[in-house]
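The next block holds one structure in the form of structure tokens; read it before the comments.
All of the numbers you see were taken from the coordinates with simple rules; none came from a lab. What you are looking at is a predicted structure, and each value in this text was computed from that prediction instead of being measured. FYI the Cβ positions are ideal-geometry reconstructions off the backbone, even for glycines, and counts take in every protein chain you see.
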Amino acid sequence: MKISLADIQSAVHQAIVEKSTVALKFIAPLPHGNALAAFKVYQDAYTLRLTGFLTNDFPMLKAYIGDDRFDEIARHYIHANPSTHPNARWYSEDFPAFLKSSNAFTDNGECIELVTLEQALSHAFDAADVPAMTLADLAAILPAHAGDLQINLQPSATVLTFQQNTTSIWSALKADIEPPHPHKLDQPQKILVFRQVQASRFRLLGEDEAMALAFIRDGVSFAVLCEMMAFQNDDGEVPKRAAMFLRIWLESQLLMAESAAKAVK
Amino acid sequence: MQTPKSLGFGLGLRPQHYGEILATNPAIDWFEIISENYMVPGGKPLRMLDAITERYPVVMHGVALSIASTAPLDMEYLHALKQLERRSNPKWISDHLCWTGVHGMSLHDLLPVPYTQEALKHVVSRIGQVQDFLGRRIAIENVSSYITYQQSEMEEWDFVREVAEQADCWLILDVNNVFVSGSNHDFSTHAFIDQIPVDRVVQFHLAGHSEGEVGLIDTHDLAVCDEVWQLYARALKRFGAVSTMIERDDNIPPLTELVQELDIARSIAAKTLKPVAA
């Protein structure tokens, strides 16, 4: 019976993923060496390559938990999550969710937060390019229309909420020094992850700014932002604080220019 | 059929070298980009690509087209490839004569094809579809292999030649891959090169490899070895001045080291292609 190309590819694919010998009947003898050992090159490369993708995307987790444990967790992930995207860039997308649903870090919440932070930084790094609003854009708006100014966050910006001292652990790992002991924070911490000058970065947020960023996540006018902030805490300083945030966000290239353009119109 | 003019001597563009390339404008004639590295929404990779394409010719080289797979062509991937083509204006677009997975999954590896009439017909048809979609010829590269199939009905070089002729596509001759596969499967590397049609080859790849337990492995983590340089000289004699580049994907050295390695290629080409005195 003639063996089809599809049959061969299906068996080889299965044998690589499952590390089985199901495709060996299709492999020709080698002039020197044995075919089983040669086929194992592909089987080993599969795990090594996918583990490499995860290492590339989560270097801090690897540094934190060590090579052996990371590789073990990677093996479980690879087994449960065959790659379905042709581009390696997206292979690790489900890794944080996988860790949350597994029992790998039941008592180590900081590890889940660490991969969440690393993934947000990766997303910020190559998120879509949208021109950033500048002070000049703002200056082009007539004072009478300032309240109409629409403010939207760049697609690269996101706000995370952490329960543990994960950012301190990340910073220590980044500096290649001993990370602090993990512990739960008295209050959850809000972290802004964003891109500035082509580099992804993060900073901690105060309660006020975190709230303001939550309001503008889906886009609001400056006037509405002030109203919402006043509703939360009307201490008479709302316009001043809102203007201060606006200045910080402009300097951090956090806002989209198209929002300002709408206000000019 | 007009084979594209040689671009000279190039390197694979790697993020480690972005800063130095843009700061020093090194004497590199052109760059090859890994297509998938720039099939992202935005950010630094695309900004760097834009800056490089302003100064140097580029070609696009993919690893995920999976042209020989029996799975349907990934149209989402092809649309992204076309979008990148519009952005980078490459001299040509290439990928490998291989398959990377079936059943909606990717193994992220360049798996060899059984050299059968069925596979030939399949690959030729798929290249035709891709070329129609992109509106241009693509270039297809021979891969390194560690296995061959019981079902193969012809030699690899016959398969490569027939693919190129029947699909009317270009070829990348990866000299290192010829050497690695020749060593692993005990075939004549000279016979391989001598059977590849001269007017189809638009580019040479050079790279380093490693010795594994069962043969040579195409690792791209070392300098080009002497045997591959010799084979390169042989290829130059047959194909003439063809765009040549060095691939380095692991253990990546400083740019100056790669530029020096590229000078070896220049030197070999200068000697090999020297006009014969009357």
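Below is a table of values for the structure above.
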quantity	calculated
Gaussian network model of chain A, Cα within-10 Å springs - most flexible of A:Met60, A:Met244, A:Met211	A:Met244
Average beta carbon contacts from partner chains per residue of A:65-71, 10 Å cutoff	0
Contact order relative to length of chain B, as percent, for alpha carbon pairs under 8 angstrom and 6 or more apart	18 percent
For segment B:216-278: span of alpha carbons on each principal axis (Å, largest first)	46, 27, 18
Cα coordinate range in segment B:138-261, projected on the principal axes (Å, largest first)	42, 35, 24
Sparse-neighbourhood loop sites, trypsin sites (Lys or Arg not before Pro) in segment B:93-192 - DSSP loop, at most 15 other Cβ within 10 angstrom	B:Arg136
Sum of side-chain charges, B:Arg161 neighbourhood, beta-carbon under 10 Å (Lys, Arg +1; Asp, Glu -1)	-4
Compactness of segment A:114-265, expressed as Rg and Dmax over alpha-carbon positions, Å	16.7, 54
Chain A - mean residue ellipticity at 222 nm from DSSP helices (-39,500 (n - 2.57) per run, n ≥ 4, rounded to 500)	-16000 deg cm²/dmol
Per-selection Kirkwood Rh - chain A (Cα, Å, 1 d.p.)	22.0 Å
Residue with peak Gaussian network fluctuation, chain A [Cα springs, cutoff 10 Å], from A:Ser221, A:Ser252, A:Ser20	A:Ser20
Listed residue pairs exceeding 29 Å between alpha carbons, taken from B:Lys91/B:Lys271; A:Lys40/B:Lys82; B:Lys5/B:Lys271	A:Lys40/B:Lys82
Cα-based radius of gyration of segment A:154-217 once divided by 2.2 N^0.38 Å, which approximates compact folds	1.21
Diffusion constant of segment A:1-158 at 37 °C, which comes from Stokes-Einstein with the Kirkwood Cα-pair radius and 0.692 mPa s, µm²/s	167 µm²/s
Degrees between helix A:35-57 axis and first principal axis of chain A (Cα, 0 to 90, nearest 10)	10 degrees
Of A:Lys62/A:Lys184; A:Lys62/A:Lys100; A:Lys100/A:Lys174; A:Lys19/A:Lys100; A:Lys184/A:Lys240, those spanning more than 25 Å from alpha-carbon to alpha-carbon	A:Lys19/A:Lys100; A:Lys184/A:Lys240
Kirkwood estimate for segment A:63-120, i.e. one over the average of 1/r between Cα atoms, Å	12.0 Å
Debye log10 I(q)/I(0) at q = 0.11, 0.13 Å⁻¹ for segment B:1-93, Cα point scatterers	-0.34, -0.47
Projected area, mean over directions - the protein assembly as shown, Cα convex hull, nm²	30.1 nm²
Projected-area average for segment A:1-90 over all orientations - Cα convex hull basis, square nanometres	7.4 nm²
Where N is the number of residues in segment B:94-163, Cα Rg divided by 2.2 N^0.38 Å	1.11
Proximal lysines relative to A:Lys2, as straight alpha-carbon distance under 21 Å, when same-chain residues fewer than 8 apart are discounted	A:Lys25, B:Lys121
For the protein assembly as shown, size of Cβ-based charge dipole, Lys and Arg +1, Asp and Glu -1, in debye	1140 debye
Helical contribution to [θ] at 222 nm, DSSP H n ≥ 4, -39,500 (n - 2.57), averaged over chain B, rounded to 500	-13000 deg cm²/dmol
Per-residue average of Cβ from other chains inside 10 Å of A:49-57	1
Cα-based radius of gyration of chain B once divided by 2.2 N^0.38 Å, which approximates compact folds	0.96
Average partner coverage of A:195-203, which counts Cβ from other chains inside 10 Å	2
Overall form of segment A:131-181 per C-alpha gyration tensor (a/c, 1.5; a/b vs b/c)	prolate
